[in-house]
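A short worksheet on the structure shown next.
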Amino acid sequence: MISVVVPTYNEAENIEELVKRLASVFRSDYEVIIVDDNSPDGTADAAKKLSATYPVRVVVRQTRLGLASAVVEGASVARGDVVVVMDADLQHPPELAPALAREAARGCLAVASRYVRGGRVEGWPITRRVVSRGAVLLARLLLPEARRVKDPVSGFFAYRRDCLSRVKPTGLYKILLDVLVQCKPECVVEIPFVFGKRTRGRSKLGRRHIFDYLRQLLALSKWRPVKFAAVGATGIGVALAVLHFLSWLPTLVSTAIAIEVSLTSNYILNRAWTFAERHTPILGGWAKYHLATAIGNSTNYLVTNALAFLGVWIYVAYLIGVAAGYVANYVFSELEVFK
Ligand code: GDD
Ligand code: MN
């Protein structure tokens, strides 16, 4: 038995074609669970009518709680061991659902992907393409689990019900990220698909979802970027103290020592706190941390000394130097040192 879970909000015009096309690809031993957030356009009534002819069940929630929680709620009432999650608006081709279900039945997370060979998006303006690519890039940068797939924000996938029904959504839309992080699937398979144009109704994705998405990434990354910045702030204090005690030395020497000491204290704190669960080998990590921060630290060293040479007060020169080196530092640590 396969359960197809479809979250809906104002999809009355799409639901009939979706259910019919699912019926012709699955034929028997499947069910469709429509989870509607009390759409004003009567989606739930349209779905209930279809349930006279097709194996359709309708869950109606009184308030608009969002796509992600609708998926989990659908999975929690599903009868199948395998759940296929898809949109109602036919941008996800129902014909691909059986292939996803087959992979999920083997125990793998099956993701319909726009960003593997053969997959693509139809009819998106350049702005939405850029936002989507940026969203994927950011997810893969911040979450090792997201690096397992090329399209970790796809809304079309299949997995076992037992985990899907227990997922705690951390955002409104991108439930697949939660599945990747919380279910830790043994294997992942990506199947290319063409994300078609929406022909009826309107997308519910809006500007506020960008902020929701960033919040979700922070939560799933256990606030690592914020912790990393906090550690960096302690490092600045350490370096300024070293500069203070070594003020009798030439600036070229004291800044080098200040940078080395704060680098080491930052490394120790990031290893024990920011990236604690990664169990990085202590000396190997320390060596790599030198490499990873080399660009930031040499920028810092050069900028600080140039400013000091120009007569800028050393502590101020150092703060400007640090700012210049910060961004490159973070990206290298995330991708290389603590991976
Ligand atoms: N129950 C419920 N509650 N359903 C919702 C809500 C809500 O608040 N908001 C949207 N939905 C339903 C829509 O009715 C539709 O069936 C599905 O969720 C996707 O919504 P769209 O508004 O069509 O999203 P999209 O096309 O911009 O984005 C989709 O594709 C992306 C790329 O694959 C989503 O599936 C994204 O999650 C996905 O990343
Ligand atoms: Mn859509």
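Summed over region 44-70, residues that are more than 13 Å from residue 32 (Cβ to Cβ) and either part of a strand (DSSP E or B) or hydroxyl-bearing (Ser, Thr, Tyr) (or both) total 3.
Candidates in region 123-145 are the residues that are surrounded by 15 or more Cβ atoms within 10 Å (Cβ to Cβ) and small (Gly, Ala, Ser); of these, the one that is nearest to the chain's Cα centre (by Cα) is 139. Screening the candidates 11, 31 for the property of being part of a strand (DSSP E or B) and either touching a residue at least 12 places away in the same chain (Cβ under 8 Å) or closer than 29 Å to residue 216 by Cα (or both) yields one hit, 31. Filter region 181-207 down to residues that are within 13 Å of ligand 1 (Cβ to nearest atom) and farther than 25 Å from residue 15 by Cβ, then give me how many there are. Residues that pass the stated criteria total 3.
Do you know which of the residues in region 87-128 that are in a loop (DSSP other than H, G, I, E, B) and hydrophobic (A, V, I, L, M, F, W, C) is nearest to residue 37 (Cα to Cα)? It would help to see each step written out before you state the result.
Of region 87-128, the ones in a loop (DSSP other than H, G, I, E, B) are 87-93, 106-108, 114-119, 122-125.
From what's left, hydrophobic (A, V, I, L, M, F, W, C): 88, 90, 108, 116, 124.
On the way: 88: 13, 90: 19, 108: 30, 116: 32, 124: 27 Å.
Checking each candidate, the answer is 88.
Scanning region 274-314 for residues that are part of a loop (DSSP other than H, G, I, E, B) and either in contact (Cβ under 8 Å) with a residue 60 or more places away in the chain or under 19 Å from residue 339 (Cα atoms) (or both) yields a total of 5. Total residues in region 60-88 satisfying the condition of being more than 9 Å from ligand 1 (Cβ to nearest atom) and without any contact (Cβ under 8 Å) to a residue 60 or more places away in the chain: the figure is 4. Looking only at region 136-193, filter to residues that are closer than 10 Å to residue 111 by Cβ and of a type in the set (Phe, Trp, Tyr); which one of those is farthest from ligand 2 (Cβ to nearest atom)? The selected residue is 159.
Of the residues in region 98-124, how many are hydrophobic (A, V, I, L, M, F, W, C) and within 16 Å of ligand 2 (Cβ to nearest atom)?
Step one: of region 98-124, the residues hydrophobic (A, V, I, L, M, F, W, C) are 99-101, 104-105, 108-112, 116, 121, 124.
Those still in the list that are within 16 Å of ligand 2 (Cβ to nearest atom) too: 112, 121, 124.
Residues meeting the conditions: 3.
Of all residues in region 132-159, exactly one satisfies the criterion of being within 16 Å of residue 86 (Cβ to Cβ) and charged (D, E, K, R), namely 151. None of 151, 162 is surrounded by fewer than 22 Cβ atoms within 10 Å (Cβ to Cβ) and acidic (Asp, Glu) except 162.
The residue that is farthest from residue 266 (Cα to Cα), counting only those in region 199-233 that are basic (Lys, Arg) and assigned to a helix (DSSP H, G or I), is 208.
Looking only at region 302-339, filter to residues that are at pLDDT 90 or above and of a type in the set (Val, Ile, Thr); which one of those is nearest to residue 262 (Cα to Cα)?
So the first thing to find is which residues in region 302-339 are at pLDDT 90 or above, and the list is 302-322.
Okay, now just the ones that are also of a type in the set (Val, Ile, Thr), so 303-304, 312, 314, 316, 320, 322.
Working: 303: 17, 304: 15, 312: 21, 314: 16, 316: 17, 320: 16, 322: 11 Å.
Among them, the one singled out is 322.
The values are calculated or read from the model by the stated rules, or taken from the named source; none is laboratory data. Predicted model only: the values in this text are computed from it and were never measured. Note: ideal-geometry Cβ built from the backbone for every residue, glycine included; neighbour counts use all protein chains shown.
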